[in-house]
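The values are calculated or read from the model by the stated rules, or taken from the named source; none is laboratory data. The structure presented is a predicted model; accordingly, all values stated were derived computationally and were not measured. Positions of Cβ are backbone-derived with ideal geometry, glycine not excepted, and every protein chain shown enters the neighbour counts. Remember, those area values only see protein heavy atoms, side chains included, never the ligands or the DNA or RNA. Shrake-Rupley method; radii C 1.70, N 1.55, O 1.52, S 1.80 Å.
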Amino acid sequence: MPKVKSKQFQAPKGMRDILPEEQVYWDKFIKSAQRLAEDYGFQKIETPVLEDAELFVRSTGQTTDIVTKQMYTLRTSSHVRLALRPENTPGVLRAYLQDGLVNLPQPVKLYYYGPMFRHEQPQAGRWRQLYQFGLETIGEKASIMDAQIIQFCFHLFRLLGLTKINMHINSIGCQQCRPAYRRALVDYFRHRKNKLCPDCQRRLKENPLRLLDCKEEKCQPIKAQAPATVDYLCDECHRHFKEVLEYLDEMEMPYFLNNALVRGLDYYTKTVFEFFLEENEKYSAIALGGGGRYDDLVKELGGKPTPAVGMALGVDRIVDVMKLTLKVKPTYNPKVFLVELGEMGRRKSLKLFETLHEAGIVTAESFGRDSIKAQLKNADRLGVKLALILGQQEALDGTVIIRDMQSGVQETVPQEKMVDQVKKRLAKN
Ligand code: HAM
């Protein structure tokens, strides 16, 4: 055989392993979010991680950073161009149209969780494989739906122990009022063109609204003085935005009106919002989630005009901030430890383990360890109340020894009585 140099493989840049010790936080997030979404009347949807790349060009936006710079794409052998989804709103709408959800009573309220892929420069809180939890309410134009999505986010943050959350909110208008705003924006930036970064000079030509997304230092002072969308809203958008803010006031939800918030995706109309952690040096500039209304997107993708609103939370980032404030108890909490000894004991131990599990008794073990000392040490470390010892003799006799870990007192009982005896002792403890 030719000699191959051994190689230590690494996860791709910007991607990572989420190890067991971190999973308690992820579980806590996912269980809380899923439960709450269902309580709010949202139903789960899963869509493929790969979609036709054109779907994102048409919806997220041809000139957005996400589509021009960050999409992972591939060509199949039959020359179809697919993309690893950089976000899931387009995929959910594709499913809504393709799978006939359009025929259900509206609005259709969906939630999803899963990995997204963006080829960005990795940095704190920014991954190339990132996880989002999202909600989409499709088929209802009422402003109360925008407020409900925002309410869900604050409710979830509260359940996760994150109380210091800032929300930035804005309205970017609709097809009616956007042209006048765009003209004002272009006019403003054109007079300052020479002071803009090269990306913004391009944006000025291709997609002026994106000028307000720029993160370049030199563009910030210019951006800060730019015309505000809210000054250009038509009557309908103005009324809608006012109502959303009234709902938030009614619920005493804090918000910050941010004129420069336009979001980095092209499909939004009317309300847009983002969440940040308050007063935190490391995290206050990193969005924990964001969303908004997108009343034209279903039509853009070939459906009937259908208003919709939604949001996605960045789970990687939320888990990071949960770790700062929250103590999460591990979910694995065995009360009993099964010790096996000798060939016969080992052979019978799997069956006994299953019997205990079926009776609802979570049982730990360290099968494969020979010595009783090592096994009992593990039982001690886990803090279980009882150890069950199945040795050669017990396996032959059909019995098992129950040992109280605190007092060290042991008793031999027939295996048929094991479950009853264990339950009795656990109840007494
Ligand atoms: P987005 O603002 O692009 O919106 O992403 C939502 C959230 O995903 C961000 O606020 C952030 O927390 C997280 N996120 C984005 N990129 C990264 C990254 N590279 N690393 C870690 N986390 C990241 C959307 O994706 C829209 N689909 C949301 C939406 C749903 N709008 C309406 N419906």
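So the values come out like this:
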item: Cα→Cβ-extended label distance, 7 Å offset, between Lys329 and Lys424, nm; result: 2.7
item: Qualifying lysines (Cα of each under 22 Å from Cα of Lys44; at least 8 residues distant if same chain); result: Lys28, Lys31, Lys109, Lys141
item: Translational diffusion coefficient (Stokes-Einstein; Kirkwood radius from C-alpha pairs) of the stretch 344-429 at 37 °C, 0.692 mPa s, in µm²/s; result: 251
item: Per-selection Kirkwood Rh - the stretch 98-242 (Cα, Å, 1 d.p.); result: 18.6
item: Within the accessible area of the stretch 272-352 (1.4 Å probe), percent carbon and sulfur; result: 53
item: Sites His357 and Glu22 - FRET efficiency at Förster radius 30 Å, r taken between beta-carbons, to 0.05; result: 0.70
item: C-alpha long axis of helix 235-250 to longest principal axis of the chain, angle in °; result: 40
item: Computed label-point distance, nm, for sites Tyr255 and Glu279 using a 7 Å Cα→Cβ extension; result: 2.4
item: Equivalent ellipsoid semi-axes - Cα gyration tensor, the chain, angstrom; result: 54, 25, 21
item: Net charge of neighbours whose Cβ lies under 15 Å from the Cβ of Arg425, counting Lys and Arg as +1 and Asp and Glu as -1; result: +4
item: Computed [θ] at 222 nm, deg cm²/dmol, the chain (DSSP H ≥ 4; -39,500 (n - 2.57); rounded to nearest 500); result: -11500 deg cm²/dmol
item: Computed accessible area, Val24, all protein chains, 1.4 angstrom probe, square angstrom; result: 30
item: Kirkwood hydrodynamic radius (C-alpha pairs) into Stokes-Einstein, the stretch 76-180, 10 °C and 1.306 mPa s, D in µm²/s; result: 93
item: Net charge over other residues, Cβ less than 12 angstrom from the Cβ of Ile66 (K, R count +1; D, E count -1); result: 0
item: Residue-normalised accessible area of the stretch 145-268, expressed per residue, 1.4 Å probe, Å²; result: 51
item: Rounded accessible area per residue of the stretch 302-386, 1.4 Å, Å²; result: 56
item: As computed over the stretch 194-335, the Cα convex hull volume per residue (Å³); result: 203
item: Probe 1.4 Å - accessible area at Lys351, Å² to nearest ten; result: 130
item: Stretchable slack from Arg190 to Ser371, in nm (0.36 nm times residue separation minus alpha-carbon distance); result: 57.3 nm
item: Per-residue SASA entry for Lys385, accessible area with 1.4 Å probe, Å² rounded to 10; result: 80
item: Tilt relative to the chain, helix 372-382 - C-alpha long axis, 0 to 90 degrees, to 10; result: 40
item: The stretch 213-330: relative contact order as a whole-number percent, Cα under 8 Å and 6+ apart; result: 16
item: Mean separation of Cα contacts under 8 Å, 6 or more apart, over the residue count of the chain: relative contact order %; result: 15
item: Leu104-Lys299 FRET efficiency (beta carbon distance; Förster radius 22 Å; 0.05 resolution); result: 0.75
